[in-house]
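These notes concern the structure reproduced below.
The values are calculated or read from the model by the stated rules, or taken from the named source; none is laboratory data. In this text, all values refer to a predicted model and were calculated from it rather than measured experimentally. Backbone-built Cβ (ideal geometry, glycine too); neighbour counts: all protein chains shown. Keep in mind that these areas ignore ligands, DNA and RNA; they rest on the heavy atoms of the full protein, side chains included. Shrake-Rupley method; radii C 1.70, N 1.55, O 1.52, S 1.80 Å.
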Amino acid sequence: MEEIPARARVYVVSVALGALPCLLPLPSVRAPWWAVPLLAALYAGGERIARRRFAGTFYPVLLAGAFLLPPYAAALVPLPGALLSAVEQRPRLPRRICRAAHLAIAVWAAARVHGALDARHAVEACDVPQAFLPAGAAVLVFCGVLAALDGTILALAEGLPPTRVWRGLFLGSLAPVAVHGLAGLMMAVLWHSPYGPVAALLVLFPMAVSWWMFAQYHRERAAHQATIRALVQAVDIKDGYTRGHSERVGQASMMIARELGMDEGRVEVLRFAGILHDVGKLGVPTRLLRKDGPLTPEERRVIELHPEYGHEITRGISFLGEARSAILHHHERVDGSGYPYGLVGSQIPECARVVAVADAFDAMTSTRSYSRARPVAVALEELQRCSGSQFDPRMVTALARVIGREGWRPVVTADEPRPAVPPPAPVHGGSGARR
């Protein structure tokens with residue numbers, strides 16, 4: 001377990017021990033034991049196919065088990081599939097044990113809630129309307145418990161804020177798990193129908209279609225990420241002094257967007273905008289980007305063409321949407337003294353105003369060929385000083401608020417190690433760096 005932090009190792013052991021009581025049968029409760037290996041084998045085979053072919057998961061069988069079986073029996077269903085699953089990262093065994101424990105606890109909790117609501121008789125009677133709400137409550141508990149458990153190990157292993165990780169996992173998985181829960185309920189109802197368990201398997205065919213559609217989306221998204229990665233690597237190779245800057249601006253842009261309450265679709269667009277904001281530097285002579293010392297007026301005019309170059313470079317990338325506006329206008333200033341068009345205030349697209357603050361913040365907190373890094377608190381104070389003239393006050397306030405609450409944990413690259421910075425002490429009072 002050398003690659004897992006000590007606190008994460010302790011968590012894996014604790015959660016594995018915590019799952020054991022979920023597997024202990026109660027003397028007064030009987031289970032149809034023949035159904036447990038059948039569902040376990042179905043889950044193990046389906047999970048393997050889903051992960052290899054569809055880049056998804058196979059929760060319908062687990063949730064059907066929660067609706068059909070007592071909690072301790074339902075908790076046994078995911079164990080073979082999780083313990084025998086393919087794991088890419090090492091060490092594999094602790095990861096499998098952790099996954100098995102998470103699923104066992106989540107299924108046990110869902111089955112407990114379903115049983116506490118006395119809904120098993122409705123499933124046995126094939127009364128779908130009567131079984132629907134209890135099944136929904138069980139699915140909600142399954143999703144919440146699994147998000148909390150997965151989020152905890154992720155936060156421990158990678159040093160991320162637990163609350164933000166839990167919320168992100170829960171909200172991101174709620175819709176797909178709800179669909180899987182509906183399929184699981186249909187499986188459970190058909191299981192008790194006159195046609196028996198064979199009919200229950202028919203529910204999996206429409207699920208396979210939905211998995212296929214999700215896989216197409218997943219592949220398209222992977223292609224988008226590969227396109228962005230290639231462009232960022234090209235910029236980093238050309239302008240070595242700002243290596244890692246693009247990823248950090250993307251991260252800060254996301255933080256601002258979330259703090260402003262933007263929906264996740266726009267948050268993703270702002271991340272793209274932040275990552276690609278300097279892609280136009282590919283059109284600027286390398287000698288200017290790497291020049292030590294001040295630029296001449298003529299050299300500065302050449303560098304100031306990079307937003308327009310970036311806008312042209314990304315013209316054919318349709319999935320960027322309004323991110324292209326941010327690439328073009330992220331050097332505009334709210335007082336109209338920016339470039340390339342001297343836009344004023346609300347004339348500057350909102351996404352560009354977000355990226356402008358994120359860009360200036362990282363420029364000030366990074367060491368460049370022409371300036372040393374400033375402390376986070378000093379950079380925030382400078383942003384506040386320039387608020388209303390260079391930067392949109394809403395964006396500055398949002399960044400200061402989220403960093404004050406969560407700290408600044410920039411993306412770490414192999415070439416530029418940067419420690420996480422805790423929330424800064426309050427300051428009362430942003431930026432003249434060459435970007």
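Here's the picture: a label point sits 7 Å out from the Cα of residue 223 along the beta-carbon direction, and within the range 309-334 the residues with their amide nitrogen under 16 Å of it are 316-321. Computed packing ranks the peptides 263-269, 101-107 as 101-107, 263-269, most packed first, by mean other Cβ atoms within 10 Å. When only alpha carbons are used to place a centre, the range 174-204 and the range 256-298 end up 49 Å from one another.
Of the peptides 10-22, 340-352, the ranking by mean beta-carbon count within 10 Å, highest at the top, reads 340-352, 10-22. Working ranking of peptides 72-79, 182-189 by packing, defined as the average number of other Cβ atoms within 10 Å per residue, highest first, is 72-79, 182-189.
Computed over the range 236-322, the P(r) tail beyond 15 angstrom holds 63 percent of alpha carbon pairs. By the helix-only formula, in which each DSSP H run with n ≥ 4 contributes -39500 (n - 2.57) and the sum is divided by residues, the chain has a 222 nm mean residue ellipticity of -20000 deg cm²/dmol. Near the amide H of residue 335, within less than 5 Å, lie the amide hydrogens of 345, all on another chain or at least 5 residues away, with H placed in the peptide plane. Listed values for the range 296-301 are Karplus-derived 3J(HN,Hα) couplings in whole Hz (6.51 cos²θ - 1.76 cosθ + 1.60, θ = phi - 60°), namely 6, x, 5, 5, 5, 5, and x replaces Gly and Pro. Per atom type, the chain shows carbon and sulfur on 62% of its accessible surface, probed at 1.4 Å. Protein heavy-atom accessible surface, 1.4 Å probe, per residue over the chain: 47 Å². Compared with the alpha-carbon gap, the fully stretched path from residue 202 to residue 344 is longer by 45.1 nm at 0.36 nm per residue. For the chain, the calculated P(r), taken from all Cα-Cα distances in 20 Å bins from zero up to the bin holding the longest distance, is 23, 44, 27, 6, 0 percent. Computed from backbone phi, the HN-Hα couplings of the range 161-170 come to x, x, 4, 5, 5, 4, 4, x, 5, 5 Hz, rounded to whole numbers (Karplus: 6.51 cos²θ - 1.76 cosθ + 1.60, θ = phi - 60°; Gly and Pro given as x).
For residue 408, the residues 5 or more places off, or on other chains, whose built amide H falls under 5 Å of its own are 421.
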